[in-house]
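Working notes, structure below.
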Amino acid sequence: MKGQAYNPYLPPWEYVPDGEPRVFGDRLYVFGSHDVAGGTDYCQADYVGWSAPVSDLSDWRCDGVIYRREQTPGNEEAREAMFAPDVVQGPDGRFYLYYGLASSQAIHVAVCDAPTGQYQYYGTVRHPDGRLLTEYATFDPAVLVDEGRIWLYYGFSPRGNCVEMEPDMVTVKGEPKMVLPGGDNATGTPFQGHGFYEASSIRKIGGTYYLVYSSQVSHELCYATSSRPDGGFSYGGVLCSNGDVGYQGRLPEQRVAATGNNHGGLAQLNGQWYIFYHRHTHGTEYSRQGCAEPVELLPDGSIPMVEITSCGLNGGPLAGYERYGTYLACHLTGREGAGAVVYGGSAPGYPNIREEGQALPREQRRQYIADLTDGAVFGFKYLDFTQGVGGVSVTVRGTGAGVLSVTLDGPEGRRLGAVPITPGEDWREGCCPLETASGVHGVYFTYTGSGALEAASIQFQPEQ
């Protein structure tokens, strides 16, 4: 029996941002960077392999470490982190992993006979005369194998680049071209305000090339389209923001969650297209988790912006009466809203998702929401209450004394009841009956009271 799929889609103790979704055979593979809980910098762990059957997007399998930092020549002491990778199947049937190191002006390649086997170092992308490809910030590589031709995309503001590659998967043909404008290059063009910043990801859908990228505002993923792979790209729009900024006109100060850098790509699964992206936990940019949302590819080729949810790859709302960890919350704000985490810093003073139990096996660690103070809100979209709602229980602890009000479809929506909160150091259940309600809803919890509260799980009971 299939389980439910959530956001984040991997187990809650895993932190794989910059996810590139790839379908090989009958499985979905996600290749990304590798953060750690409570990390102090980006990408502090080696690459790991994760995949799920396309027929069951809740059944994720970890194949362990597939490539280590010290395998790159010159990085034998593993001092340099490996940033956002991409993997494609080459003309020879083997799988090629493209990546960069934190301070290296080069794109490296590893190769393997299987998507998540043990990759071996293969080489560094270079010109035919042996010079390394170092032009225009070799950052965030993405690769397209298209009708016998191979294209490499990469770059950092103020330009996104493309260059064709030889069948050996490591030698470039000619010189790189600018295909996306960023910074001042975007001024006066349709890209203005959403110019290229980083995070190239390329797909061919029908006869159209879709180039997804992180824009100059960082928290949003945009796309551009062209009828050819190496130029002529037109701005398409915003696909998603990890704070829902821009969705239905939402302003930056109305973000529904902490915003920070973003990276992801498109994948078609069971006939449905999805955009993969990542969110931020622990109040920093250093503990990111992969999420996904279904998108609609319209007849004219455009893709409307989507909202972030808790149900992601599930194919619909979550069942209303399961016990859910609060780490599934897609709305997480304080009285003054949510913060913008910044490079090298954090968003203090706002609720954030954390993890405890680092000495325990990873499956036994607990994820929870911390720093819930007066006016804080956490919410979930969407739950299906087919049998109506009769009550709710919330696992909490902390110095808080007050109530958790339960509302539908927004923090100011219909109020169903309130869970009384009393101080206590240990995790405990707070419960209350609720006014009846049925159907599919977003559900929100607002804390009103003194002190600080932490919340670990919720469970609704059906109407009796």
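The values are calculated or read from the model by the stated rules, or taken from the named source; none is laboratory data. This is a predicted model, so every value here is computed, not measured. Note that each Cβ is placed from the backbone with ideal geometry, even for glycine, and that neighbours are counted across all protein chains shown. With ligands, DNA and RNA removed, areas are computed over all heavy atoms of the protein, side chains included. Shrake-Rupley method; radii C 1.70, N 1.55, O 1.52, S 1.80 Å.
Just a few scattered comments:
- Between residue 270 and residue 177, residue separation times 0.36 nm minus the direct Cα-Cα distance comes to 30.0 nm.
- The distance between label points at residue 431 and residue 364 comes to 2.7 nm (points 7 Å beyond Cα on the Cα→Cβ vector).
- Nearby lysines by direct alpha-carbon distance to residue 173 (threshold 22 angstrom, same-chain neighbours under 8 apart not counted): 204
- Length available on full extension from residue 226 to residue 94: 0.36 nm per residue minus the Cα-Cα distance, which gives 44.7 nm.
- Our estimate of slack between residue 65 and residue 463, defined as 0.36 nm per intervening residue step minus the Cα-Cα distance, is 138.7 nm.
- Per the Cα gyration tensor, segment 326-464 maps to an equivalent ellipsoid with semi-axes of 24, 17, 16 Å, ordered largest to smallest.
- With θ taken as phi - 60° and the Karplus curve 6.51 cos²θ - 1.76 cosθ + 1.60 applied, the whole-hertz 3J(HN,Hα) list for segment 438-444 is 9, x, 9, 9, x, 10, 10 Hz, x standing for glycine and proline.
- Protein accessible area in the chain, 1.4 Å probe - carbon and sulfur %: 49
- Note on segment 1-118: Rg/Rh from C-alpha atoms, Kirkwood Rh, equals 0.97.
- Rough spin-label spacing in nm, given labels placed 7 Å along Cα→Cβ, for residue 54 and residue 26: 1.1
- Those aspartates and glutamates that a straight Cα-Cα span of less than 13 Å connects to residue 2, excepting residues fewer than 8 apart in one chain: 56, 59
- Using the Cβ-Cβ distance between residue 248 and residue 319 with R0 set to 22 Å, the FRET efficiency works out to roughly 0.25.
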